[in-house]
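A.B. asks: Input: one structure, supplied below.
The values are calculated or read from the model by the stated rules, or taken from the named source; none is laboratory data. Source: prediction; values computed, not measured. Virtual Cβ from ideal backbone geometry, glycine too; neighbours counted across all protein chains shown. Surface accessibility is based on the protein's heavy atoms, side chains included, excluding ligands, DNA and RNA. Shrake-Rupley method; radii C 1.70, N 1.55, O 1.52, S 1.80 Å.
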Amino acid sequence: MCASCDGVDRTDQESRGDGLSRRALLMGTGLGIGLGVLGLGLPVARAATARNGAWCNPALGYFPNGGHFGAPRGGASHAGQDVTNSTGTAVYAAAAGTVIRRQWGGGLAGRTGNGIVISHGGNLYTYYGHLNAYRVSLNQKVSAGQRIGDMGATGNVTGPHLHFETHAGGLGAVVDPVTFMSARGVDLGGGWPSLDPGASGQRVRVIQHLLNQRGHGLVVDGSFGSVTTSAVKRFQSASGLVSDGQVGPKTWPKLVYSLQQGANGHHVRGLQTALNKRGAGLVVDGDFGSVTNTAVRNFQSVNRLVVDGLAGAITWRALVG
Ligand SMILES: [Zn+2]
């Protein structure tokens, strides 16, 4: 079952020019409020919260040819999904959890290179392989979207990339990361996340700030409850979208603003909230000054985006995904 990517873990730099779409890396939202929702015993909210809002894309890059889950690997099959980008690209925790391995191959049979295993509870684990550098310590608790390492080419590889695995039902029980993440609202191949009513966390705060820029007057509590859902539906209706209350790939692009230094308002608060989920540590004051500008540029730099300080759709997608 658990096969390694050892020896044949290819990256395909040529695919960059092949018209493969640029992927966005995406962060998730916190788990804390979601647990509060669970405590209320709302089964619908629990299902939505478990499915999205708490998971994020671990790295920005490209899917190399032959790097998918189950690809032939010398008699075995590839245990994860490869994501190709340059050495030093930020690698993020796909969800909140605890770093239980930080060692060569993650201590997993057949894996090579600097590896991290995060336990997310519920018998769910993620593995991050071939890292160039660690940015967390063993036993450290991490949040979704927190930077845990740098992409690299350690171990038996042909070029820098992240080897990303998802384990469900116990460490070693690998499942297709694309399917696994999709079920949690994350498009591992790039793109906007999908957040449903019942989700909670930082991304919901971002949505609330963006709606407030349009005059919705929401309490920014990170909880995608009935009031926020109504506001989303009104926004969708006014924007010519299907009014289903889900903030997904069609709603996000219409919801975000293109922002740069000098901007001021609720939309900037949304941007600052999204940057903070990536560790920026900004004061959420709605003022896009030099500190926010630096935070945007830093984020763009470590994710290999164009570093221009302009928070446009591509940067937003990478921030919230
Ligand atoms: Zn691999």
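A.B. asks: I'd like the full set of residues that are part of a loop (DSSP other than H, G, I, E, B) and either open to solvent by 70 Å² or more (accessible area, probe 1.4 Å) or at positive phi (or both), limited to region 250-267.
C.D. replies: Lys250, Ser258, Gln260, Gln261, Gly262, Gly265 - these are the residues of region 250-267 that are part of a loop (DSSP other than H, G, I, E, B) and either open to solvent by 70 Å² or more (accessible area, probe 1.4 Å) or at positive phi (or both).
A.B. asks: Follow-up. Which of the residues belonging to region 293-321 are part of a loop (DSSP other than H, G, I, E, B) and either open to solvent by 40 Å² or more (accessible area, probe 1.4 Å) or over 21 Å from Asn212 (Cα atoms) (or both)?
C.D. replies: Asn303, Arg304, Leu305, Val306, Val307, Asp308, Gly309, Leu310
A.B. asks: I'm trying to understand the selection: among the residues of region 268-292, which are of a type outside the set (Ser, Thr, Tyr), touching a Lys or Arg at 6+ places or on another chain (Cβ under 9 Å) and buried (at least 23 other Cβ atoms within 10 Å of the Cβ)?
C.D. replies: Passing the criteria: Arg269, Gly270, Ala274, Lys277, Arg278.
A.B. asks: State whether one or more residues within region 68-86 are assigned to a loop (DSSP other than H, G, I, E, B), away from the ligand (no atom under 16 Å from the Cβ) and surrounded by fewer than 24 Cβ atoms within 10 Å (Cβ to Cβ).
C.D. replies: yes
A.B. asks: In the list Gly190, Gly159, which residue meets the criterion of being part of a loop (DSSP other than H, G, I, E, B) and either more than 16 Å from the ligand (Cβ to nearest atom) or in the same structural domain as Val268 (by TED's automatic domain parsing) (or both)?
C.D. replies: Matching residue, one of Gly190, Gly159: Gly190.
A.B. asks: Something else now. One residue is enough: does region 217-224 have a residue meeting the conditions at pLDDT 95 or above, β-branched (Val, Ile, Thr) and farther than 29 Å from Gln300 by Cα?
C.D. replies: There is at least one residue in region 217-224 that is at pLDDT 95 or above, β-branched (Val, Ile, Thr) and farther than 29 Å from Gln300 by Cα.
A.B. asks: Could you say whether any residue in region 90-103 is open to solvent by 10 Å² or more (accessible area, probe 1.4 Å), touching a strand residue (DSSP E or B) at 6+ places or on another chain (Cβ under 7 Å) and under 24 Å from Trp316 (Cα atoms)?
C.D. replies: Within region 90-103, one or more residues are open to solvent by 10 Å² or more (accessible area, probe 1.4 Å), touching a strand residue (DSSP E or B) at 6+ places or on another chain (Cβ under 7 Å) and under 24 Å from Trp316 (Cα atoms).
A.B. asks: Another question, then. Would you mind stating whether Pro197 is surrounded by fewer than 24 Cβ atoms within 10 Å (Cβ to Cβ), away from the ligand (no atom under 16 Å from the Cβ), closer than 17 Å to Trp252 by Cβ and not aromatic (Phe, Trp, Tyr)?
C.D. replies: Judged against the criteria, Pro197 is a match.
A.B. asks: Within the group Gly75, Gly113, Gly97, which residue is under 20 Å from the mean Cα position of the chain (by Cα) and of a type outside the set (A, V, I, L, M, F, W, C)?
C.D. replies: Selected residue: Gly97, the only one of Gly75, Gly113, Gly97 that is under 20 Å from the mean Cα position of the chain (by Cα) and of a type outside the set (A, V, I, L, M, F, W, C).
A.B. asks: Ok, one more. Across region 112-135, what is the total count of residues that are closer than 17 Å to Thr158 by Cβ and either open to solvent by less than 40 Å² (accessible area, probe 1.4 Å) or away from the ligand (no atom under 16 Å from the Cβ) (or both)?
C.D. replies: So the answer is 6.
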